[in-house]
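Trainee: Mind having a look at this structure? Questions to follow.
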Amino acid sequence: MTGLHVFDMDGTLLHGAASVELSRHLGTFDEANAIEAGWVRGEITETGFWEQMLPLWSTATESDIDEAFDNAGWIAGVREVFADIDRRGEHSIVISQSPHFFVGRLRGWGAHRTFGSLVGPHMSPDQWSLLTARHKVDITRSVLAELGVCESRCVAYGDSTSDVLLFEHLHNTVGVNCQESLRSSAAVVYDGDDIRAAYTLGRSLLEQSTTIRSESVS
């Protein structure tokens, strides 16, 4: 029986934020960290965030992004989890508000599909396509329909307010080192440094859903 595993990236698979990791590599960490902190406090709008952040990456090359990605603070076990999902004939997707040019590199680690904001240092604001919390729900529902997978066979993993809508929509949800705003919406919570442990909790939720469904059918 197939299944779908939906992962947030920043704060879930990655300690911190991709924007800060890339800026750290480019030598603009302090500026990026201040912008990120302002956005978290609600002092900077989402559009304002990118207006301030993107110029910090104006000199970035593909090699720079590769190196920043490889050296970022990933939680342990990301590749192993993607590999196990694939081995079971299930599907993994990553949905993040971070730039897709960074998120998309997780396909090289085994994620089946990746979704992120379409922004870049050389794009004008009218070309941007920002991914929102609502998009996380819509993308998940679209992939489930495309794959023919029911929601009871879907697990979401997240950490912040951007995951609340998705967690409210699904039954099988795992909060990973999550904010208080998400803990009340999560079916289970994992605190630690290894996504394999959170994934084990997710698999347990799938097993419980399968058992309940089998009992209701019988």
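The values are calculated or read from the model by the stated rules, or taken from the named source; none is laboratory data. The shown structure was predicted, so the numbers you read here are calculated from the model rather than taken from an experiment. Glycine gets a Cβ as well: all are built from the backbone with ideal geometry, and neighbour counts include every protein chain shown.
Trainee: Can you tell me which of (1) modelled with pLDDT of 95 or more; (2) of a type outside the set (S, T, N, Q); (3) in contact with a helix residue (DSSP H, G or I) (Cβ under 9 Å, 6 or more places away or on another chain) is the one Gly120 doesn't meet?
Mentor: (1)
Table: residues versus (1) assigned to a helix (DSSP H, G or I); (2) crowded, with 17+ Cβ neighbours inside 10 Å; (3) touching a strand residue (DSSP E or B) at 6+ places or on another chain (Cβ under 9 Å).
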position: Glu80; (1), (2), (3): yes, no, no
position: Gly89; (1), (2), (3): no, no, no
position: Ser96; (1), (2), (3): no, yes, yes
position: Arg107; (1), (2), (3): yes, no, yes
position: Thr114; (1), (2), (3): no, yes, yes
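Trainee: Further, regarding this structure: Does region 45-68 contain any residue that is over 30 Å from Asp126 (Cβ atoms) and either in contact (Cβ under 8 Å) with a residue 40 or more places away in the chain or in contact with a Ser or Thr (Cβ under 8 Å, 6 or more places away or on another chain) (or both)?
Mentor: Filtering region 45-68 for residues over 30 Å from Asp126 (Cβ atoms) gives 67.
Checking the rest, the ones that are also either in contact (Cβ under 8 Å) with a residue 40 or more places away in the chain or in contact with a Ser or Thr (Cβ under 8 Å, 6 or more places away or on another chain) (or both) come to 67.
Checked against the condition, which is being over 30 Å from Asp126 (Cβ atoms) and either in contact (Cβ under 8 Å) with a residue 40 or more places away in the chain or in contact with a Ser or Thr (Cβ under 8 Å, 6 or more places away or on another chain) (or both), region 45-68 yields at least one hit.
Trainee: Take Ser124 and tell me if it is closer than 24 Å to Phe102 by Cα and not assigned by TED's automatic domain parsing to the domain that holds Pro55. Steps first, answer last, please.
Mentor: Working: closer than 24 Å to Phe102 by Cα: yes; not assigned by TED's automatic domain parsing to the domain that holds Pro55: yes.
Answer is yes for this residue.
Trainee: Follow-up. Please find, within region 164-207, the residue that is farthest from Ala76 (Cα to Cα) out of those that are of a type in the set (Asp, Glu) and in contact with a strand residue (DSSP E or B) (Cβ under 7 Å, 6 or more places away or on another chain). Even if it seems obvious, please write down each step before you answer.
Mentor: First, pick out the residues of region 164-207 that are of a type in the set (Asp, Glu): 168, 180, 191, 193-194, 207.
From what is left, the residues that are in contact with a strand residue (DSSP E or B) (Cβ under 7 Å, 6 or more places away or on another chain) are 193-194.
Values: Asp193: 6, Asp194: 5 Å.
Here the answer is Asp193.
Trainee: Look at region 12-44 and say how many of its residues are free of Cβ contacts under 8 Å to residues at least 12 places away in the same chain, surrounded by 14 or more Cβ atoms within 10 Å (Cβ to Cβ) and in a loop (DSSP other than H, G, I, E, B).
Mentor: 1
Trainee: In this structure, is Ala37 at pLDDT below 95, over 22 Å from Ser160 (Cα atoms) and not polar (S, T, N, Q)? Spell out the reasoning first.
Mentor: Working: at pLDDT below 95: yes; over 22 Å from Ser160 (Cα atoms): no; not polar (S, T, N, Q): yes.
So Ala37 fails the test.
Trainee: Anything in region 44-65 that is of a type in the set (D, E, K, R) and either modelled with pLDDT of 95 or more or farther than 20 Å from Gly11 by Cβ (or both)? List them, or say none. Show your work before the answer.
Mentor: We begin by selecting, within region 44-65, every residue of a type in the set (D, E, K, R); these are 46, 51, 62, 64.
Listed by number, the residues that qualify are Glu51, Glu62, Asp64.
Trainee: Looking only at region 122-180, which residues are in a helix (DSSP H, G or I), over 19 Å from Leu201 (Cα atoms), in contact (Cβ under 8 Å) with a residue 12 or more places away in the chain and not charged (D, E, K, R)?
Mentor: Pro125, Ala133, His135, Val137, Ile139, Thr140, Val143, Leu144, Leu147, Thr161, Ser162, Leu165
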